[in-house]
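Q: Sharing a structure here in structure tokens format.
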Amino acid sequence: MHLKFRQSILSLIPSLAVISFLFASCSSENYEEIVTVSIKDGVLGDPVDIDVPSDLFRSSSDMSLFKTSSSSIASGKSSDSKTDSSDSSVKPVSSSSIDVPKSSASQASSSSQKTETPASALPPAGFYSAFTLTAPTPKNGGVFRCTYDGSEPTSATAQASNKNISSTTAVRCYEFIGNDIVAKETQTYFINETISMPVVAISVAPEYFNGYVAAPKCSPDPCYSAKFWEDVEYPVHVEYFANGSRSTQKDFEIDAGISIMGGWSRNQIKKSVSIAMRKEYQDGRLKYPLFDTRPEKKKFKAFNLRNNGNRFVSDYIEDPMAVSLLEGTHVDYQRSRQVVVFYNGVYYGIHDMREKLNEHFVETNYGIDSKGVDVIKHTNTDISASGGTSEGYISMLNYAVNNDLTIDANYITLGTMLDIASYVDYMAAEIYYHNGDWPNNNLRAWHSVEQPWKFMAFDIDHGFDWTWNVSGFGQSTNIFTWIKNGGTTSGSCYKSSNSLCFHNLYNNIIKNENFRRTFINRAAVLYNSFVNSAKVETAVDKMVSTMPISDITRDMNKFPRAQLWYTNSCNNGFEYTGSCLKTWSRSRDSKVIQEFQNEFGLESLVKMTISATGLGTVLLDDIALPSQSYTGNFFNGHPMKLTASGNGGIFVEWEDGSTQNPRFVYASAGATYTAKFK
């Protein structure tokens, strides 16, 4: 087999080099073949021939993929600059975005790299007093060219010389032989900085920082004509210092892509961005425990640096705090941590580092190959897939609306498409949050062959103490009425029976007696154990404790909020302590119970215990309880389905002598139901 390349694609490496190409199998990213081929020297612009063994490619599709990728890189063009779902999509890149051979480059590497990183020609990045940076010494017989504004050096950049570093600076030095890059590195030097929080340092082309990230607010809001609405991605270098100015070294660094993200919050002076790892930049994956929660889940395709969305005007933590309450439930959410961000050495304040909700999120957290995952976004009747296809989700909605769910056989069939435990947890959580920008918006769910549709909590900005609500919604709005009417007061889903309007799933499934019993009992468990004022206070205090007042003050000085004239339900402006979130949740605890009582004609709460002895547990309405011996508040007189489920043990009887399994009981004060296993 004979392949032709233009010499321009080879400008990244010295002539007469030996190149190793990695040809990834289309069926598995984890399997690669390495083939070494020689290239012939050529004149710039002349074709360069490469002989490749004909049996290299497993299929014609593999060959097609290689041709597409190589030609796109060679031309510097791509038909899609922001597709997250495939590593084969190629972005417009500069020479520094293509990995050069490890043996001849001081290439930036993530903490996941197994190979030894060549010795740096520059002092390590870190926190310093002012100093003079000595021009780096070439290690490959070339010339070092350096920039100090985040841009990537080119062969036209001035040759490196000694440089006084008196303020925080991103230094990028590439060694050139002619026009070829043979070594490169990026080091950010923080001068006289004291920062307690984790630090993310981003080096990016100044035109991107100035024209997109730092673009001023414009009008009329949301200013769709502004550049920050453009669908573009730029190459970046990212460095991470987990312990702020106490860090003795980088915890990771990686070449990646950056793009502006979010809705109307793009038109704020601090903007949210997405950092995407792609193979054309470097590894295609970051392998580092970004979050304290489940640190073992540490393979990331992307992460976000969020400006707190709509909550930019009100607080730092409401959305990440709200969804963090769902740890241990059947609802997925974005793990997060608060960090300080620098662009090209410029301080840019506190951001919320978050997981990105797409098919790669599922692969990270569940180990399911992202190629077999469907992830949907649902707004009004608009349903799109950010990974896979939306067909299965639409079929599930159609089935729920077009079939009589009072018939148990139909309900059981729906349960093969819909994760009932996830759905009831999701609905009960959103009801507690009192989220006015839902359910007509901000819906996310995922599905695979092994997993029915499961829900992801997303964008709770309009919940809790929020007052700049969507039309028709306020703090006194009955959330059940809001849901049943479509989560809106106008538009195509308002009081509509259209199956593509998400609220109709609830309007139909709630008619089923088994579901209604499950929903009410599971909501009681959720409010007992996961989503309540005590949990809110703990989560708020934990998050606030990670942001010292010195870092908050600096962020507030850089991005003042008082002029935005927001007040929350406590009649306060911007709050960094989360005090109104606590006040609101203390009031919400009783209100949400009252809403359930009014909606379903329920009695008051009573305390009871459900437990098991030996190697087993008890399921409540087919859903596991938070512990083997569980005491909680349930609605008096409400029916409960209890199932003794062995976990290596054999069910013998209930403590009261009954051997019925499952058994149906009614909640009553002081009742205890214990399953005995041997």
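Q: Enumerate the calculated ³J(HN,Hα) couplings along the stretch 375-382 in order (Karplus 6.51 cos²θ - 1.76 cosθ + 1.60, θ = phi - 60°), each rounded to whole Hz, writing x wherever the residue is Gly or Pro.
A: Running phi through 6.51 cos²θ - 1.76 cosθ + 1.60 with θ = phi - 60° gives 10, 10, 10, 10, 10, 6, 9, 8 Hz.
Q: Sort Ile181, Ile520, Ile650 so the one with the fewest other Cβ atoms within 10 Å of its own Cβ comes first.
A: Details: Ile181 27, Ile520 22, Ile650 12.
Taking fewest neighbouring Cβ atoms as first place, the list is Ile650, Ile520, Ile181.
Q: Okay, moving on. Find out how many positive minus negative residues lie around Asp461, taking Lys and Arg as positive, Asp and Glu as negative, among other residues whose Cβ is under 9 Å from that of Asp461. Don't skip to the end; give the middle numbers.
A: Numbers: positive: Arg311; negative: Glu318, Asp319, Asp437, Asp459.
It works out to a net charge of -3.
Q: Right, here's the next one. Can you tell me what the convex hull of the Cα atoms of the stretch 369-531 projects to on average, as an area in nm²?
A: Numbers: hull surface 37.7 nm².
Dividing the Cα hull surface by four gives the mean projection, 9.4 nm².
Q: Going highest first, how would you order 267-278, 585-596 by mean Cβ packing within 10 Å? Walk me through the numbers before you get to the answer.
A: On the way: 267-278: 22.0, 585-596: 17.1.
So the order, starting with the most tightly packed, is 267-278, 585-596.
Q: Quick query: amide H of Asn485 versus all other amide H atoms, modeled in the peptide plane; which residues come in under 5 Å with a sequence gap of 5 or more or a different chain?
A: It is none; the list stays empty.
Q: For Leu133, list long-range residues whose amide hydrogen, built 1.01 Å from N in the peptide plane, is under 5 Å from its own amide hydrogen.
A: Those lying under 5 Å, H to H, from Leu133 are Lys163, Asn164, Ile165.
Q: Order the peptides 319-329, 651-661 from the highest to the lowest mean number of other Cβ atoms within 10 Å of their residues. Each step should come with its number before you reach the end.
A: Values: 319-329: 21.5, 651-661: 13.4.
Top of the packing list down: 319-329, 651-661.
Q: Follow-up question, since we're still on this one. Distance between Cα centroids, the stretch 544-558 to the stretch 475-520: provide it in whole Å.
A: That distance is 41 Å.
Q: Would you order Ser627, Ser645 from fewest to most other beta-carbon atoms within 10 Å of each residue's own beta-carbon? Before the final figure, lay out each step's value.
A: On the way: Ser627 13, Ser645 17.
Result, fewest neighbours first: Ser627, Ser645.
Q: Still on this structure, please answer the following. Sorted by mean Cβ packing within 10 Å, highest first, what order do the peptides 598-607, 444-453 take? Walk me through the numbers before you get to the answer.
A: Working: 598-607: 14.4, 444-453: 19.1.
Ranking, from highest mean packing down: 444-453, 598-607.
Q: May I pose another question? What relative contact order, as a whole-number percentage, does the stretch 327-473 give when Cα pairs under 8 Å and 6 or more residues apart are counted? Before the final figure, lay out the partial values.
A: Working: 210 pairs, mean separation 36.2, N = 147.
Value for the stretch 327-473: 25 percent.
Q: With 17 Å as the cut-off, how large is the P(r) tail for the stretch 605-677, expressed as percent of Cα-Cα pairs?
A: On the way: 912 of 2628 pairs.
Here the tail beyond 17 Å accounts for 35 percent of pairs.
Where a number appears in this text, it was derived from the coordinates with a stated rule and is not lab data. None of these values were measured; they are calculated from a predicted model. Positions of Cβ are generated from backbone atoms using ideal geometry, with glycine treated the same way; all protein chains shown enter the neighbour counts.
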